[in-house]
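Worksheet: the structure to be examined is printed underneath.
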Amino acid sequence: MAVNYEEYVANLVERARAAQAIAENFTQEQVDELTGAVAYALTKPEVALKFGEMLVEESNMGIATDKQLKMYGKVKGAYFQMKDKKSVGLIDVDEKMGMETYARPMGVIGAIIPVTNGEATPVVKSLMALKTRNAIILAPHPKARRTNLAVTEAIREVLAKFNAPADLVQAIEPEYVSVEASQALMKQVDFILATGGTPMVRQAYSSGNPAIGVGTGNVVTIVDGTTDLEDTADMIVRSKTFDNATSCSTENNIIVLEECYEEFIKAMERHGAMLLKENSDEKAKLLKTIWPESPDNHNLNRHIVAQPARVIAEAAKLKVPAGTKMIMAEENGGYGNEFPFTGEKLSPVAGIRKAKDFDDAVDKMIKILEYQGKGHSCGIHTSIKERVTRLGEIVPVCKVCVNSPQSLTNSGSWTCGFPISMTLGCGTWGHNSISHNATYKDLLNFTYVSRPIPSFQPTDEELFDISLRKKVDE
């Protein structure tokens, strides 16, 4: 029997609207109590580990204990950012300009949830919705459907304990999870918060409803040799192997100045990385394993996604040293489909190439990003401030991470100033509507109230510089 997804989703939306109509009248105190309760309940050690284990079992991706840490960092971090912040009613008064700003809910939020972060993303997005008095419906990836439902049910139990409508947070039920259900959801809600693959994000933007989505991640990092290479190697390996590189935020390409290249490779090897030389049979075997059909179609082998390096090496019939955590594929050729290691790999595999100097490294970074990952993030390990400034001025990304492990930084952490988020805006470079990491503030409408004030209109003499006027009048 054919499923009527439009009708099924319409029922969810109707229930969400009824719940949101009640939440519309919540006080700031009620909102803050709910968000605190949900964040606390979902980050209890045994709960966070349970959902991590559940997602690993269901998706066959990632590491349960890393997912537990992700729950701690992202859920607690998102709550910390919103704790005690105003999100209800009057939130700002500008007496000089006679303006008042009132925070208002959007209504019903449709949330697209990726499999790679299917444990923390539903919680973070639900917190964002609850903080802003919205209802939310979570649409998971098929490989995270059971985990998504379990997380949703846990949140709903907390809401019930505090006499809030459970239907403020709903999930598309496992038997209905599909592209068709997600498409129907995006058409019927008031706003879409999309985290996932590029095709789904583009569907969100073309749904006819306002949306925030993310761009493709293919992070590039420069190593210039002016920092301690042991520390740099440690950060990169920790970042690249966290949760088996489920995150698109991790180092996919490393560009190393040739003057420190050999020393850096040795440091990486000491930290568990293995190098496959350019034009080697080993590199060719790995390429064929990651892209078994053809790299031209961008279809990664789903069996290697978020798998340990040793599993990928075994699939490629490679001999690896004991303790290998990460694989580096040397790539000093071109860019694009003919050189697939320059793209995203969603695994503890990184492309690595030499640069003759810093300018050459920046040029190579931009060329990689033009192929894939434009707008997302880049990084640099350096002690030279001017080199950081250079990246901030010319590289087409929204986030530059300095002397940091990428995947543990660019989505926000306790050791950087980026907002903690599961939805990283990539600006127009990445075909996104925002350039920042999305937070609860992005789920608010604002009403502005104006009162009369004395005129502040300046004279031409006050407004225009005298030298400018003289030059125009000549």
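Here, each number is a calculation from the coordinates, and none is a lab measurement. Note that the structure is a prediction, hence the values are computed from the model and not measured. Neighbour counts are summed over all protein chains in view; Cβ atoms, including those assigned to glycine, are modelled from backbone coordinates with ideal geometry.
Structure notes:
- Whether segment 11-59 is rounded, prolate or oblate, judged on the alpha carbon gyration tensor where a/c under 1.5 counts as rounded: oblate
- Karplus-derived 3J(HN,Hα), 6.51/-1.76/1.60, for each residue of segment 77-92, Hz, glycine and proline x: x, 4, 5, 4, 5, 9, 4, 6, 8, 6, 9, 10, x, 5, 10, 7
- A cut-off of 5 Å between modelled amide H atoms, ignoring neighbours fewer than 5 places along the same chain, links Val115 with His141.
- Total formal charge among the other residues, if their Cβ is under 15 angstrom from that of Ala211, Lys/Arg +1 and Asp/Glu -1: +1
- Of Thr232, Thr439, the sequence from fewest to most neighbouring Cβ atoms within 10 angstrom is Thr439, Thr232.
- Sum of side-chain charges, Thr423 neighbourhood, beta-carbon under 9 Å (Lys, Arg +1; Asp, Glu -1): 0
- Annotation for Thr65 and Arg202: the two label points, set 7 Å from Cα along the Cα-Cβ direction, are 4.0 nm apart.
- Ranked packing of 235-243, 45-53, 417-425, most packed first, by mean Cβ within 10 Å: 235-243, 417-425, 45-53
- Once backbone amide H atoms are built at 1.01 Å from N, Thr382 has Asn403 as its partners under 5 Å, excluding neighbours fewer than 5 places away on the same chain.
- Karplus 3J(HN,Hα) series, Hz, for segment 142-150 with 6.51 cos²θ - 1.76 cosθ + 1.60 (x for Gly, Pro): x, 7, 10, 5, 6, 5, 4, 5, 5
- Between the listed residues Ala166, Gly417, Met235, the Cα displaced farthest toward the positive end of the dipole of the chain, a dipole computed from Cβ unit charges relative to the Cα centre, is found at Ala166.
- Potential extension, Ala41-Glu474 segment - 0.36 nm per residue separation minus Cα distance: 148.7 nm
- Extension gain, Arg302 to Leu90, is 71.4 nm, computed as 0.36 nm per intervening residue step minus the present C-alpha separation.
- Sequence of Trp414, Trp291, Trp429 once ranked by neighbouring C-beta atoms within 10 Å, starting from the fewest: Trp414, Trp429, Trp291
- Neighbour net charge for Ala78 - beta-carbon separation under 15 angstrom, K R +1, D E -1: +4
- Virtual spin-label span in nm between Lys288 and Glu100, 7 Å along Cα→Cβ: 7.2
- The HN-Hα couplings worked out from phi for segment 43-48 by the Karplus form 6.51 cos²θ - 1.76 cosθ + 1.60 (θ = phi - 60°) are 10, 4, x, 5, 6, 4 Hz, whole numbers, x standing for Gly and Pro.
- Least to most buried among Met61, Met71, Met274 (fewest other Cβ within 10 Å first): Met274, Met61, Met71
- For segment 219-412, the spread of Cα positions along the three principal axes, ordered from largest to smallest, is 44, 34, 32 Å.
- 5 angstrom amide H check on Ala350, placed H, neighbours 5+ away: Ile327, Met328, Ala329
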